[in-house]
Every structure is written in structure tokens, then in C-alpha cells.
Amino acid sequence: MNVWDYLESLKSRWRLVALVALACIVAVAIWTWQSPRTYTASSTLLFDLQQSDPVAGGNGAAKASASVLGTQVDIIRSGVVAQRVAEKLGYDKDPDLIRRYRESGEQRIGLREWIGRRLVAPLEVVTTRTTNVLSLNYKSADPEKAAQLATAFAEAYVQTQLQLRIDPARVYSQWFRSQINEARDRLEQAQRRLSGFQQARGLVGAGRFDIEQAQLSELSQQMTTAQAETAQSRARANTSVGSSSSAQQSAVVQGLDGQIATKSAELQQLRQSLGPNHPMVVAAQAQIAELRARRGQAVGTVVDAVRTDSAAASAREANLRGLVAAQRERVLRLASAQDEMAVLQRDVDSSRAAYDAVTARLNEVRLQSEIPQTNVSVLDRATAPTLPSSPDVGLRVLLGIVGGIFAGIILALFLEWRRPRVRTIDGFERATGLPVLVDLSRGSVNVGFAGKEASA
């Protein structure tokens, strides 16, 4: 038989092919009707990988999205998230689950962990390379339960992610609290050592060394001035009384000198007019003698005052010299203690810097332990699906149609092979070896002469 014979056989047995195809479709329909339905609900999570840290500031770390999302997939499917879902939905208090747990013989693990392992099995987390969105697909025979569990896993993961960020910050916060007490103790000890050293060396007060140096400079200037005044006083004291400039500058001496000059002029006139023995001349001479005696007393008084001033200047110079020597010794002593005090001051500064750093870090981790959310949020909450994801009715019907037609064709060809029939002229000629002269089914006469055909 050739190909045309088989095609003709299929045409003649089309009812058989249709019947087999219909039977396959009915079988697929029954199978689909009897198969348990599975519904898939989806919830999506959005990851903002470029979000800056609201506490520490700065931009988000430029990490590979694939690796970050891959890590989050493992966290979503972890037992911690599953147990949080079981606790949130109250599965750990379900009497039926508790009974099944006791009958399972797996009491070596906790109830929540046992429930979590079964809850996470139908969960599928889908990632993409082009977005920062994760899709959480949960399969269940109940569409409401599938939506509830998909949303519960998304919310539990967000809470777990926040907890994973808060818990280390709280641990560090407690550790920094203990460290801040130690830093405060070290700072107080350093300050006590510095204060004790300053009190012992007389360095109490800020800039004490500079103040002592300023006092030494001022005392030195005063001593220089006192030395000049003492030299001047000694010079005046060593000058002769009569030619003493201090006596000449005295107002009393100058007044007496004027009176003596006036009386001397009057005496000269009286001598010329009255003679040397006249009583008025004698009286004038007596007055001049008295004035000169008074002048001598005044000059003596001035000279005594100059000598007293010279002695006072010398005493003041000696006093200032002693003060300068004492101040210089004090400054030298402070200078020798300055290096040791600088070391103690550096200890105080370093302890204060360490205390400030620990305090700043404590405040930072304290804020991080109270942060309300992370860089992940629930983008879409799952809703109950209306159509099942399994079985796929359309695919099964298509497979039933295609498979039924194919099975019908195979059956028809098998029957034709078991009981072949002549269905074409070429097949008859091949079977009998005789030419066909007339084809009555087509209303024509075929005459074969030397392989030629003639139609009547």
C-alpha cells in the first residue's frame, strides 16, 4: 500500500478517528474533574537598594541586586519567617495540627518548627534580573488560604527583616552602655590626676603658666624703673647742699632766695643813703641774716627729704629684686612641671575624645534600634484567585484533542494494516499486476495500452 491508500483509508474511517478523539476528550474531562484543584496567590515585595541610611546618612551600598535578592529569598524561606507566620495565623493553637504533630512522631522538633516546615513547602519565591521586586507565590487547595498565607509570608518577612536590623543594634546599644561607663571612669580618673597635680604644683586655673610669666615680666619692668629712680635719688643725695638741684627747685628755698635778694638790694640803698651804722641798716642786716638762716634750714629739709627718698627707692628696689627672684624661681619651677602637666592633659583629652566617640556611637545605635522600617515594603497584597493554577484546563483539553486525533489515526492505520483494502487504482494495479481499464466510481473509462490511459 502506498501513501494514497492510507490517506483514503483515513478518509473512510473518519468516524472512528472522531470517536477515539471524543473518547480521549471525555477521558481528559473526567480526569480534570476528578483532579484536585490548586490555587496560586501572589504577593510582591519591593526592595529599595539605593535607599540611604536615615541614621548614619550617606547613600545606599552599591551591591549587586541579584546577590542581595538571592539572600532575601533564603531568608523568606527560612524557618524563622515560617514560624512567625504560624504564630501570627494561630496555627500553633490549631487542635487538628497539634494532633497531627503528636501522631507524626517528630516531637524532637518544636511544634512551630514542624508547622513552619509544612507551611514553607508550597511557597515559591520568584526573582527577576531587571527589577528589585520579589514575587511570593503560594499554592493551596483553598484560594482564600493561599491569599492569606502569601500575604502572611510577605508581612512576616518584613517584620523579620526589621527585627534582624533592630536586634544587633540593641545588642550593640547595651554593649556601648557598658563601654560608656568605663570611658567615663577613665575620663574622671584622668581629670582627678590632672587636678591633683595642678593643686600640688600651684597650677590651678587655666593659663596659669602664662599668668606667672606675665607677672614676672611686669615685676622686671617695675624693678628696672625702681633702679632708675634709685640711681636718680642717690645722685641727688650725693650732690652738695648748696648746689643741690632739688634744693634749688624747692618753692620755699626759691621764695627765701627772692626775699634775701630784695632785702640785699634795700640794704645796699640804705648803706649808701644812711651809712653803715644807721639803725635801719642794722635792722636790714639782721633780717637778711634771719632769712639766710631760714634758707639753710629749708635746704637741709630738702636734702633730708632727698636722702629719705633715696633710701626708700633703694628699699623698694631691693624688695622688687627679691620679688623678681622669687617669681623667676616660680616660673622656672612651673616650666619644669609644664611637660608633666601636658602629658596629663593629653590623657584627659584622649579620654574625653574616647568618651565623646562612644557617646556618639551609642546615640547612633540607639536610633537604629528604634528605626520603624527598613528598605523593603509590601508592594501588593495577595488576593484570592478565581481560577485554579492546577490543573491547567486549557492545556489538558488541547492535549486531549491532539492526543485523541493522534490515537484515532494510529488505530485507523492499524486496522487498515491488519485488513488492507484496495482503495485506489494504483493500489489495485500494484496488488494484481493488471492495468485498470475502467473506473466506474469516477464515471470514466481508463484503458491502459503500454502504460497509456484513454478516457471514454
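The values are calculated or read from the model by the stated rules, or taken from the named source; none is laboratory data. Keep in mind the model is a prediction, meaning the values are calculated, not measured. Positions of Cβ are generated from backbone atoms using ideal geometry, with glycine treated the same way; all protein chains shown enter the neighbour counts. Ligands, DNA and RNA are excluded from the accessible area calculation, which covers all protein heavy atoms including side chains. Shrake-Rupley method; radii C 1.70, N 1.55, O 1.52, S 1.80 Å.
Counting just the residues of region 170-191 that are touching a helix residue (DSSP H, G or I) at 6+ places or on another chain (Cβ under 6 Å) and open to solvent by 90 Å² or more (accessible area, probe 1.4 Å), which one comes out farthest from Ser351 (Cα to Cα)?
This residue is Tyr172.
Quickly run through region 119-147 and pick out the residues that are of a type in the set (Gly, Ala, Ser) and open to solvent by less than 60 Å² (accessible area, probe 1.4 Å).
Ser135, Ser140, Ala146, Ala147
What number of residues within region 148-158 satisfy the criterion of being open to solvent by 10 Å² or more (accessible area, probe 1.4 Å) and either of a type in the set (A, V, I, L, M) or farther than 25 Å from Ser67 by Cα (or both)?
Number satisfying all stated conditions: 2.
If you take the residues of region 389-434 that are part of a loop (DSSP other than H, G, I, E, B) and open to solvent by 90 Å² or more (accessible area, probe 1.4 Å), which of them is modelled with the highest pLDDT?
Restricting to residues being part of a loop (DSSP other than H, G, I, E, B) and open to solvent by 90 Å² or more (accessible area, probe 1.4 Å), the top hit is Arg419.
Of the residues that sit in region 176-194 and are closer than 14 Å to Ala354 by Cβ and hydrophobic (A, V, I, L, M, F, W, C), which one is farthest from the chain's Cα centre (by Cα)?
Only one residue tops the list, namely Ala190.
Kindly indicate the residue of region 337-366 that is of a type outside the set (A, V, I, L, M, F, W, C) and more than 17 Å from Ser195 (Cα to Cα) and also surrounded by the most Cβ atoms within 10 Å (Cβ to Cβ) among those meeting that condition.
So the residue we want is Tyr355.
For Glu329, all conditions in the list (1) modelled with pLDDT under 80; (2) surrounded by 13 or more Cβ atoms within 10 Å (Cβ to Cβ) hold save one; what is the number of the exception?
So Glu329 meets the others, but not (2).
Quick check: anything in region 352-366 touching a Leu at 6+ places or on another chain (Cβ under 6 Å), part of a helix (DSSP H, G or I) and either among the basic types (Lys, Arg) or at pLDDT 75 or above (or both)?
yes
Tell me which residues, restricted to region 192-216, are modelled with pLDDT of 75 or more and open to solvent by less than 70 Å² (accessible area, probe 1.4 Å).
Listed by number, the residues that qualify are Leu194, Ser195, Gly196, Phe197, Ala214.
Could you please find all residues in region 107-118 being open to solvent by 70 Å² or more (accessible area, probe 1.4 Å) and under 21 Å from Thr40 (Cα atoms)?
Arg117, Arg118
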